[in-house]
Amino acid sequence: MVVSFAELVGYIALLLNLYSMSAKNERKLRLVSLVANLIYVFYGIMISATPIIAGCTVAVLLHAYRLYKLKSNTYETHTIS
């Protein structure tokens, strides 16, 4: 089985995204998801997939915003008891 470079990039993004779902704290989840979505944007550019580029760019911006809010302590997370 031969995997193209573009497919390899897509698989790396997928693995990072799946790994982020196992994160126990929000900061780690958002950071790993941000990196995964950046890679997805690159992947989308490689395969000329505008929906992937657009969706993952929005996800990158949202994760970056939430990370900024977490750092500045103005974003509160609520836990379900």
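Quick check on region 6-16. Is at least one of its residues among the charged types (D, E, K, R), touching a residue at least 40 places away in the same chain (Cβ under 8 Å) and out of contact with any Phe, Trp or Tyr (no Cβ under 8 Å at 6 or more places or on another chain)?
Within region 6-16, the subset among the charged types (D, E, K, R) is 7.
Cutting the leftovers down to touching a residue at least 40 places away in the same chain (Cβ under 8 Å) gives us none.
No - not one qualifying residue is present in region 6-16.
If I filter region 62-70 for residues that are in a helix (DSSP H, G or I), open to solvent by 100 Å² or more (accessible area, probe 1.4 Å), modelled with pLDDT of 95 or more and of a type in the set (A, V, I, L, M), do I get at least one hit?
yes
Could you list, in sequence order, the residues of region 4-43 that are of a type in the set (A, V, I, L, M) and more than 12 Å from the chain's Cα centre (by Cα)? Working first, answer last.
To start, the set of residues in region 4-43 that are of a type in the set (A, V, I, L, M) comprises 6, 8-9, 12-16, 18, 21, 23, 29, 31-32, 34-36, 38-39, 41.
ALA6, LEU8, VAL9, ALA23 - these are the residues of region 4-43 that are of a type in the set (A, V, I, L, M) and more than 12 Å from the chain's Cα centre (by Cα).
The values are calculated or read from the model by the stated rules, or taken from the named source; none is laboratory data. Model, not experiment: these values are computed from the prediction. A quick note on method: Cβ atoms are made from the backbone with ideal geometry, for glycine too, and the neighbour counts reach across all protein chains shown. Side chains are part of the model used for accessible areas, which takes the heavy atoms of the whole protein and leaves out ligands, DNA and RNA. Shrake-Rupley method; radii C 1.70, N 1.55, O 1.52, S 1.80 Å.
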